[in-house]
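Rule-based calculations on the coordinates, nothing more; no lab input. Just so it is clear, the structure is predicted and the values come from calculations on it, not from any experiment. A quick note on method: Cβ atoms are made from the backbone with ideal geometry, for glycine too, and the neighbour counts reach across all protein chains shown.
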Amino acid sequence: MKRRGKFTFTDALDSTFNSKAIQLMAGISTLVVSIIHLIPQMVGAGVLVTPLLGLPHWLGVTIVGGAVIIIVATAGMASTTYVQFIKAAC
């Protein structure tokens, strides 16, 4: 993979076979894993915000989700790292 200049297994497969199916499966698997990772985080955020701020669970999930989306959208991967650091510290 290093000689090909590829950083992921999917990139190496795609450059070897040049298949749309590989790209599609890589995209779908990324979305599935992201959703499986995101749901518990958002539920945990709602559980945390409810007793701290006295807000309903759904509102806590919405506020935290919106804040994370804004932070990540405005600063990219650097802010994603900071968001993960803050979540781990709490």
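Summary table below
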{"read-out": "Dipole of the chain, positive end: most advanced residue of 70, 53, 9 [Cβ charges, Cα centre]", "value": "9"}
{"read-out": "Neighbour-limited loop hits for trypsin sites (Lys or Arg not before Pro), the chain (at most 13 other Cβ within 10 Å; DSSP other than H, G, I, E, B)", "value": "2, 3, 4"}
